[in-house]
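All remarks here apply to the structure that follows.
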Amino acid sequence: SNGVGRFKTECLVAMKGMDPNGNTGNIFFPTGGEPSDITLSNTSVANGAIGNSGVTTAVGVAPNGDTLTYSLTAQASPAIFVISSSNGTVRVANGAGVDGTIGANLAISITVSDGMYSFEKAFNLLIT
């Protein structure tokens, strides 16, 4: 794909450019279409939650409506959570469990990508 239709709902900034051979032309830069935020449907997790328990769903914001993929880019070790790359659902990993102090936070970072741009955001999940 040459990306021409990709920016149909975005603004383009055009600049005159010159390649190393002296050829000139317009260079187009898309603006405003990259993912710009992530929200969570829930920011707490139950103490004692076991593998495959649903925790929250990440929702990425992409102004141009692109299909987004999700990944966990940081969390405590050993890994407690997994995320669905296609829909942002965060679950307790199989074989893992939440065993912590009520009132403590578990830090995670989630990255959302539209295949061209990405956005990362850190969250604290409160143990309840």
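The values are calculated or read from the model by the stated rules, or taken from the named source; none is laboratory data. What you see is a predicted model; the values in this text were computed from it and never measured. Glycine also receives a Cβ, built like all others from the backbone with ideal geometry; neighbour counts cover every protein chain displayed. Just the protein is used for accessible areas: all its heavy atoms, side chains included, with ligands, DNA and RNA removed. Shrake-Rupley method; radii C 1.70, N 1.55, O 1.52, S 1.80 Å.
For this structure, a couple of remarks:
- Atom-type composition of the exposed protein surface of segment 17-128 places 52 percent of the accessible area on carbon and sulfur (1.4 angstrom probe).
- In the full protein context, segment 56-128 carries 51 Å² of accessible surface per residue, based on a 1.4 Å probe and ignoring ligands, DNA and RNA.
- Residue 50/residue 117 FRET efficiency (R0 35 Å; Cβ-Cβ; nearest 0.05): 0.45
- Charge dipole (debye, nearest 20) of segment 22-123; +1 at Cβ of Lys and Arg, -1 at Cβ of Asp and Glu: 180
- Label-to-label distance, nm, for residues given as residue 89 and residue 128 (7 Å Cα→Cβ offset): 2.0
- Tensor-based shape of segment 60-103 (alpha-carbon gyration tensor, a/c under 1.5 rounded, otherwise prolate or oblate): prolate
- Radius of gyration and maximum dimension Dmax of segment 26-109, Cα, Å: 15.7, 58
- Summing charges over neighbours of residue 26, with a neighbour being any other residue whose Cβ is under 14 Å away from its Cβ, gives 0 when K and R count +1 and D and E count -1.
- Whether segment 31-74 is rounded, prolate or oblate, judged on the alpha carbon gyration tensor where a/c under 1.5 counts as rounded: prolate
- Near-label residues of segment 49-92 by backbone N, under 14 Å of a point 7 Å along Cα→Cβ of residue 99: 49-51, 78-80
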